Each structure stands twice: as structure tokens, then as C-alpha cells.
Amino acid sequence: MIRTRFAPSPTGYLHLGHAYAAKVAFDLAKRHSGDFLLRFEDIDHTRVRPHYYDACRDDLRFLGLLPAGELPAQLERTPAYRRALEELESRHLIYPCFCTRREIEAELAQLTSAPHGPDGALYPGTCKGLSEAQRNERLASGATPAWRLDCEKAAELVGAAHFDDFIHGSFHVDPLLHGDVILARKDIGTSYHLAVTLDDARDEITHVTRGEDLLQATHIHRTLQVLLDLPAPAYLHHPLVLGPDGKRLAKRDQPRSIQELRAQGMTAPEVLQMLPASPLG
């Protein structure tokens, strides 16, 4: 049976981009008599606010996009993230990184040609070269590290893995694409990439639907699935809802929220009419 999920972050009110993502996941599940589920991605606890959880549930009810159930939120799953990191560390697939953002930027500025990935310049590997004694010394001093994937070691294990996307086709997985990506931030003990990969496996999500801005991130997620022996879901990376400026809607830009549209007297069909055509046809 098909299981899809809508996984918003409770750091603001839902906007039209969220409504579109929820509707794509809802429509795909219902078309195949499957389950559409709600999961809150709330690992970034510094930005989470309690009232946004209920506001999200209320907006989904208003839009008629009712989940079949609510999955455990990420803040309830920190032990699972920790266990996965411990497994990867025991296999020497991750390493501690003590660099600050400023130090990384300074080192990149000194390079004549820094390698780049989809999100910009890749981490230059400063802490990758630390000896075990140097790492232990810094850890003993109380320094809190981030943990990075050793993408070169990962590439040796991933082999010919691939993933298929309903819209964009088939991709050979490239573990080197994003470099030594962070799998656990210093402040929250995990990362989006690690958490979402583990969550989708635990929740038995068969079809991951999300915006096409995350298409390239799937290389990281499929890499982790291979390394941690997790099932591979099917993917659908749908177009983004754009604002008047032609850029994707983002909470930081304070786009008109569903709550605001409701307060103006718009009905659910009127709000849904504002969304792009479904990629499902």
C-alpha cells in the first residue's frame, strides 16, 4: 500500500507552497487507496513554536487534506538519530568537524579553485586531516563538533545505486556531489538529511513527494539508505510555487499564509484554485 507524508516544520504558518506539497502527497495516496500522513520536522528546536503545530493541523482540515494519522515528530526520535551516527562512526564513515562557518569561509577564500556542488563551495576538508589524537584532544577539551560524512569512503560502498523520480527520470547516485556533508549539526545533534532518511524508513513511506529544490539532496539520502541498509522509496519532486518575484515561497520572506487567506474570507476551493496544476495529471 502506498504511504505518503507531508512533513512541515512548525517554524511558521503554512503558505501556498506548503498547501501544494500537501495536496500532491494527499492526491497520490488517495489515487491508489493509500495513506497520507502528517509528520512534523521539528529538529530545529531553536525556531519551533508550539502554536504552529495546531495551526498546521487546522489549515489541513480547512483545505480538506486530512491525514490518515500523525507520525511521531522528530524531537521524539533523537535516540534513533544518535544510534545511526554511532554506527556510521564505528565504521569510520563520519568524522568530527570543529570548524566555524567563518573559518570555513576563510579557508575557501584562500583556495584558487574550490570544488563546488549544487549548494555552492564544498567543505575543504580541514578537519578530515586531523589525527585521531588531535580529534580526541579537542573532544576532551569540551569542544562540540559537527559530524560530517566521509563522502569518499561512502562512495566506495554505494557502488551503482540509483533512484527514480516520476518527473525527472532516473539518476545514478553520486555520493561525492555534496562533498563531506554535515550529518549532525553542533546545536541540534542531527541534520535534515539524516533525520528525514531515517524517518521515512521507520514510517514505511513508500513514495516521497517534495519540492524539486530537494532533488539533488536525494543523492545524500540514497547514499545514507545504502550505508544504513534502509529501503529506498519512490520519489516525486514537484515544481515549486513561486511568488510574484519569480522566487520560491519561503517563510523568511513572509508570504501570505493560509491563515491570512482564510481571514480574508477565502474558501478552501478558492485557496486550492490558486495552486499550480497537479504534476500527477
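Annotations for the structure displayed:
- The count of lysine pairs in the chain whose Cα atoms are under 26 Å apart, excluding pairs fewer than 8 places apart on the same chain, comes to 6.
- Over all other residues within a Cβ to Cβ distance under 15 Å of E152, the charged ones net out to 0, with Lys and Arg as +1 and Asp and Glu as -1.
- Under 15 Å, Cβ to Cβ, from A73 - net charge with Lys/Arg +1 and Asp/Glu -1: -2
- Sequence-ordered 3J(HN,Hα) estimates for region 65-77 from the Karplus curve with 6.51, -1.76 and 1.60 and θ = phi - 60° stand at 9, 7, x, 6, x, 10, 8, x, 6, 5, 4, 8, 10 Hz, glycine and proline given as x.
- Rounded, prolate or oblate (a/c below 1.5 giving rounded, otherwise prolate when a/b exceeds b/c) for region 1-129 by Cα gyration tensor: prolate
- Other residues with beta-carbon under 10 Å from the beta-carbon of Q216 carry, at +1 per Lys or Arg and -1 per Asp or Glu, a net charge of -4.
- Relative contact order for the chain, counting Cα pairs under 8 Å that sit 6 or more residues apart, in percent: 23 percent
- Rg/Rh for the chain stands at 0.98; both radii use Cα atoms, and Rh follows the Kirkwood definition.
- Most to least packed among 109-120, 19-30 [average Cβ atoms within 10 Å]: 19-30, 109-120
- Radius, Kirkwood style, for region 41-197 when every pair of distinct Cα atoms is counted (Å): 18.3 Å
- When the square roots of the Cα gyration tensor eigenvalues are ordered a ≥ b ≥ c, the ratio a/c for region 120-200 is 1.5 or more and a/b exceeds b/c, which makes its shape prolate.
- Rg/Rh (Cα only; Kirkwood hydrodynamic radius) as it applies to region 185-237: 0.96
- Surface accessible to a 1.4 Å probe, per residue, for the residues of region 73-212, Å²: 54 Å²
- Prolate/oblate/rounded call for region 132-259, Cα gyration tensor, a/c under 1.5 rounded: oblate
- Carbon plus sulfur fraction of accessible area for the chain, probe 1.4 Å, in percent: 50 percent
- Ranked by how many other beta carbons lie within 10 Å on average, peptides 169-177, 88-96 from highest: 88-96, 169-177
- For the chain, cysteines whose Cβ has no other cysteine Cβ within reach (under 4.7 Å): C56, C99, C151
The values are calculated or read from the model by the stated rules, or taken from the named source; none is laboratory data. Keep in mind the model is a prediction, meaning the values are calculated, not measured. So basically every Cβ, Gly included, is an ideal-geometry build from the backbone, and we count neighbours across all protein chains shown. Surface accessibility is based on the protein's heavy atoms, side chains included, excluding ligands, DNA and RNA. Shrake-Rupley method; radii C 1.70, N 1.55, O 1.52, S 1.80 Å.
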